[in-house]
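This report concerns only the one structure given below.
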Amino acid sequence: MPDVLISEVGPRDGLQSIDRVMPTEAKKRWIAAEAAAGVREIEVGSFVPPSLLPQMADSAEIVAFARTIPGLNVVALVPNAKGAARAIEAGAHAISIPFSMSETHSLKNVRKSHAQMLEEIATIAGLARAGGVHFAVGLSTAFGCTIEGPVDEAQVVRLAVASAEAGAQEFSLSDTTGYANPAQVRRLVRAVKAEVGADKMTTLHLHNTRGLGLANALAGLDEGITTLDSSLGGLGGCPFAPGASGNIVTEDLVFMLEAMGVDTGIDLDALLAVRSILAEALPGEPLYGFTPDAGLPLGFERKRA
Ligand code: ZN
């Protein structure tokens with residue numbers, strides 16, 4: 001196992017953030033190429049109604065395809081119990097539901113109060129147990145909300161504990177809005193971990209809206225985070241900040257970790273080559289990242305480890 005698990009979320013978070021629909025065959029090429037480069041976990045789609053997100057309409061087919069790739073952990077995002085049932089049916093190894101820590105955001109986005117979300121989480125936990133599928137909860141807007149502003153950290157901890165009691169097996173702290181800073185990441189990871197345990201508080205889902213993504217990732221690693229979500233080319237961008245990538249960029253994240261001697265299990269040259277699949281399938285779509293343009297520093301391979 002690598003020191004840090006990189007969970008590629010571009011086929012879900014990246015693609016759902018742009019209006020264009022990537023052809024199913026291109027999605028398959030992308031997923032296969034990243035897996036071949038050493039990426040061990042990919043969030044491949046979302047089981048939302050296709051009428052809401054046509055970009056994700058082929059998620060069942062994509063999950064079935066990804067399942068054929070040996071050694072790849074196939075994750076699907078689910079908005080509710082109905083989506084969870086579809087994802088489990090399609091064969092996902094793991095499912096993840098976003099749970100907005102801002103109740104205003106939750107009511108506006110999925111028309112559910114926190115109490116209703118906890119009921120949904122308990123239902124999904126039952127489905128996941130019956131289907132032998134791993135079930136994670138993404139504590140979204142945990143670092144701040146575009147409607148409410150600051151989100152009470154004690155409330156995040158409370159809702160994480162309640163989700164664990166409802167059957168959630170693992171947590172991701174999600175900086176949905178790109179508000180997080182490293183001090184806040186340290187504080188919140190530590191606080192949630194103290195209540196749900198290190199085995200459950202494993203993951204950070206970071207966006208690079210204000211350029212703090214890698215600093216936040218490093219702060220999380222220092223606090224014992226073992227999984228980092230990222231997306232190839234930072235696909236999707238940020239609608240509020242033109243020129244800013246969406247999720248933290250997988251290529252830059254892998255470069256940082258490998259340069260530090262932290263094993264990701266990923267071949268960076270092979271990973272960089274996967275960008276051409278995106279460029280070809282989505283011509284004109286901005287791809288972010290510094291490492292792809294700057295190249296690898298002289299002696300990089302020798303400096304590793
Ligand atoms: Zn996201």
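The values are calculated or read from the model by the stated rules, or taken from the named source; none is laboratory data. Since we're looking at a predicted model, the values are computed, not measured. We place every Cβ from the backbone using ideal geometry, glycine too, and count neighbours over all the protein chains shown. Side chains included, ligands, DNA and RNA excluded: accessible areas come from the protein's heavy atoms. Shrake-Rupley method; radii C 1.70, N 1.55, O 1.52, S 1.80 Å.
Quick notes on this structure:
- All positions within the stretch 209-239 that are open to solvent by 40 Å² or more (accessible area, probe 1.4 Å) and within 13 Å of the ligand (Cβ to nearest atom): P239
- Under the condition of being open to solvent by less than 50 Å² (accessible area, probe 1.4 Å), away from the ligand (no atom under 16 Å from the Cβ) and within 20 Å of V262 (Cβ to Cβ), the residues counted in the stretch 178-208 number 4.
- Scanning the stretch 253-300 for residues that are more than 21 Å from I18 (Cα to Cα) and of a type in the set (D, E) returns E258, D263, D267, D269, D293.
- Pairs with Cβ under 8 Å, 6+ apart, first in the stretch 239-254 and closer than 12 Å to P292 by Cα, second open to solvent by 20 Å² or more (accessible area, probe 1.4 Å) and within 13 Å of the ligand (Cβ to nearest atom): V249/N208
- Sole exception among (1) out of contact with any Pro (no Cβ under 7 Å at 6 or more places or on another chain); (2) crowded, with 19+ Cβ neighbours inside 10 Å; (3) touching a residue at least 40 places away in the same chain (Cβ under 8 Å) for A81, by number: (2)
- Any chance S163 is more than 13 Å from the chain's Cα centre (by Cα), away from the ligand (no atom under 16 Å from the Cβ) and among the hydroxyl-bearing types (S, T, Y): yes
- Residues within the stretch 134-155 that are hydrophobic (A, V, I, L, M, F, W, C), out of contact with any strand residue (DSSP E or B) (no Cβ under 6 Å at 6 or more places or on another chain) and either part of a loop (DSSP other than H, G, I, E, B) or within 18 Å of V110 (Cα to Cα) (or both), tallied: 3
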